[in-house]
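Peer 1: Below is a structure I'd like to ask you about.
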């Protein structure tokens with residue numbers, strides 16, 4: 001089947017660009033900081049097929065954000081999974097601990113109640129859960145507020161049956177989308193100071209702190225060079241959405257420039273007026289929370305706006321567009337866009353080569 005035959009709207013991945021992105025980050029980390037581990041975040045793709053490709057390229061394991069994602073990854077053969085989130089539900093904790101029978105499972109905690117719940121679940125399942133204490137690294141989301149609080153919680157983890165203290169979760173999500181490199185650098189320098197203070201205090205108390213995990217597609221080179229972070233959690237690099245492409249690069253030579261591997265395929269269904277077209281991919285096919293999609297693959301076209309099932313496109317003079325033409329839109333935010341679809345249509349050179357399920361209902 002050729003792409004022109006694919007029913008729209010559809011989620012597409014260019015296999016060659018995807019594999020190039022995966023290889024580029026793995027090679028960069030291995031060559032510049034061989035002691036730093038790459039643990040990509042699966043919330044971007046929700047695909048065990050892609051996760052296996054990342055592990056094959058050198059990733060130590062995967063991150064995920066929900067217990068359902070962890071279950072999907074474990075069922076897909078991923079042997080080392082970090083849940084970068086807190087859970088308070090006993091059923092979720094029990095399911096997570098049960099996964100410890102088939103994979104190495106880690107989770108995050110920022111309160112003693114999390115520690116108690118994870119310890120109970122691990123004891124009931126007869127498994128060991130590895131725990132990272134989450135610190136607020138400047139993002140203002142989850143995480144303990146101080147180094148002393150991190151030490152207290154780490155001590156509680158280390159003393160809890162069924163748990164093993166591994167280190168710190170220190171992710172600053174807001175820093176990923178600061179447009180200038182100088183802004184991102186300043187934000188991550190602050191995060192590294194916070195993480196270093198906490199890890200030093202924990203080690204002074206006699207506990208090992210072997211892991212400081214964080215980083216994302218917008219800042220990974222900064223965390224990698226910090227000598228504080230030991231693990232990188234980049235996710236969106238596999239697809240490289242339109243929002244990340246709006247960040248200003250550092251300008252340093254050798255830093256990977258990721259390609260737009262993910263697009264939403266749409267069909268031109270109306271040409272209602274000169275200079276305007278309408279296609280059949282709207283808010284139910286892609287997320288606009290981080291800005292509009294890019295039409296970089298279609299010179300002469302500019303994105304107009306979206307409703308539930310439609311997007312409008314402005315046509316520059318001299319550009320020819322016909323009913324039935326197919327457009328590939330680069331979504332503004334890949335993570336929620338993927339979560340809207342059941343299948344990833346994999347293609348090479350305009351030909352469909354595979355279908356990968358999205359673990360959307362898990």
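The values are calculated or read from the model by the stated rules, or taken from the named source; none is laboratory data. Note that the coordinates shown come from a computational prediction; the quantities given were computed from them, not determined experimentally. Backbone-built Cβ (ideal geometry, glycine too); neighbour counts: all protein chains shown.
Peer 1: Kindly indicate the residue of segment 134-143 that is free of Cβ contacts under 8 Å to residues at least 40 places away in the same chain and closer than 18 Å to residue 88 by Cβ and also surrounded by the fewest Cβ atoms within 10 Å (Cβ to Cβ) among those meeting that condition.
Peer 2: Among them, the one singled out is 141.
Peer 1: If you scan segment 193-225, which residues turn out to be surrounded by fewer than 23 Cβ atoms within 10 Å (Cβ to Cβ), free of Cβ contacts under 8 Å to residues at least 60 places away in the same chain and within 24 Å of residue 42 (Cα to Cα)?
Peer 2: Listed by number, the residues that qualify are 210, 222.
Peer 1: A further question on this structure: Go over the candidates 106, 146 one by one and state the one that is more than 30 Å from residue 183 (Cα to Cα) and touching a strand residue (DSSP E or B) at 6+ places or on another chain (Cβ under 9 Å). Lay out the reasoning, then the answer.
Peer 2: Numbers: 146 fails: more than 30 Å from residue 183 (Cα to Cα).
The unique qualifying residue is 106.
Peer 1: Would you confirm, using the coordinates I've provided, whether residue 158 is more than 18 Å from residue 81 (Cβ to Cβ), touching a strand residue (DSSP E or B) at 6+ places or on another chain (Cβ under 6 Å) and at pLDDT 95 or above? Lay out the reasoning, then the answer.
Peer 2: On the way: more than 18 Å from residue 81 (Cβ to Cβ): yes; touching a strand residue (DSSP E or B) at 6+ places or on another chain (Cβ under 6 Å): yes; at pLDDT 95 or above: yes.
Against the criterion (more than 18 Å from residue 81 (Cβ to Cβ), touching a strand residue (DSSP E or B) at 6+ places or on another chain (Cβ under 6 Å) and at pLDDT 95 or above), residue 158 qualifies.
For (1) under 14 Å from the mean Cα position of the chain (by Cα); (2) closer than 18 Å to residue 114 by Cβ; (3) without any contact (Cβ under 8 Å) to a residue 60 or more places away in the chain; (4) assigned by TED's automatic domain parsing to the domain that holds residue 230, each residue gets a yes or a no:
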position: 40; (1), (2), (3), (4): yes, no, no, yes
position: 46; (1), (2), (3), (4): yes, no, no, yes
position: 49; (1), (2), (3), (4): no, no, no, yes
position: 52; (1), (2), (3), (4): no, no, yes, yes
position: 64; (1), (2), (3), (4): yes, yes, yes, yes
position: 72; (1), (2), (3), (4): no, no, no, yes
position: 80; (1), (2), (3), (4): no, no, yes, yes
position: 84; (1), (2), (3), (4): yes, yes, no, yes
position: 101; (1), (2), (3), (4): no, no, yes, yes
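Peer 1: Spot the failing condition for residue 263; the list is (1) surrounded by fewer than 21 Cβ atoms within 10 Å (Cβ to Cβ); (2) in contact with a strand residue (DSSP E or B) (Cβ under 9 Å, 6 or more places away or on another chain); (3) within 17 Å of residue 333 (Cα to Cα), and only one is missed.
Peer 2: Every listed condition holds for residue 263 apart from (1).
Peer 1: Go through segment 76-98 and give me each residue that's in contact with a helix residue (DSSP H, G or I) (Cβ under 7 Å, 6 or more places away or on another chain), farther than 22 Å from residue 159 by Cα and in a helix (DSSP H, G or I).
Peer 2: 92, 95
Peer 1: Would you check if residue 127 is in contact with a helix residue (DSSP H, G or I) (Cβ under 8 Å, 6 or more places away or on another chain), in a loop (DSSP other than H, G, I, E, B) and surrounded by fewer than 16 Cβ atoms within 10 Å (Cβ to Cβ)? Before you say what the answer is, go through the steps one by one.
Peer 2: Numbers: in contact with a helix residue (DSSP H, G or I) (Cβ under 8 Å, 6 or more places away or on another chain): yes; in a loop (DSSP other than H, G, I, E, B): yes; surrounded by fewer than 16 Cβ atoms within 10 Å (Cβ to Cβ): no.
It is false that residue 127 is in contact with a helix residue (DSSP H, G or I) (Cβ under 8 Å, 6 or more places away or on another chain), in a loop (DSSP other than H, G, I, E, B) and surrounded by fewer than 16 Cβ atoms within 10 Å (Cβ to Cβ).
Peer 1: Sticking with this structure for a sec: Working only within segment 317-348, note down all residues that are assigned to a loop (DSSP other than H, G, I, E, B), out of contact with any helix residue (DSSP H, G or I) (no Cβ under 6 Å at 6 or more places or on another chain) and under 20 Å from residue 267 (Cβ atoms).
Peer 2: Within segment 317-348, 319, 320, 321, 322, 323, 324, 325, 340, 341, 342 meet the criteria.
Peer 1: Has segment 87-95 got any residue that is under 17 Å from residue 39 (Cβ atoms) and under 20 Å from the mean Cα position of the chain (by Cα)? Walk me through it before giving the result.
Peer 2: Here is the first cut: in segment 87-95, the ones under 17 Å from residue 39 (Cβ atoms) are none.
There is no residue in segment 87-95 that is under 17 Å from residue 39 (Cβ atoms) and under 20 Å from the mean Cα position of the chain (by Cα).
Peer 1: Okay, next question. Restricting to segment 22-52, give me the number of residues that are within 15 Å of residue 79 (Cβ to Cβ) and out of contact with any strand residue (DSSP E or B) (no Cβ under 9 Å at 6 or more places or on another chain).
Peer 2: The number of residues fulfilling the criteria is 1.
Peer 1: Now a separate question. In segment 85-109, how many are buried (at least 22 other Cβ atoms within 10 Å of the Cβ) and closer than 21 Å to residue 202 by Cβ?
Peer 2: 4
Peer 1: So, one more: Tell me which of these residue 283 doesn't satisfy, since it passes every other one: (1) within 30 Å of residue 351 (Cβ to Cβ); (2) out of contact with any strand residue (DSSP E or B) (no Cβ under 8 Å at 6 or more places or on another chain).
Peer 2: (2)
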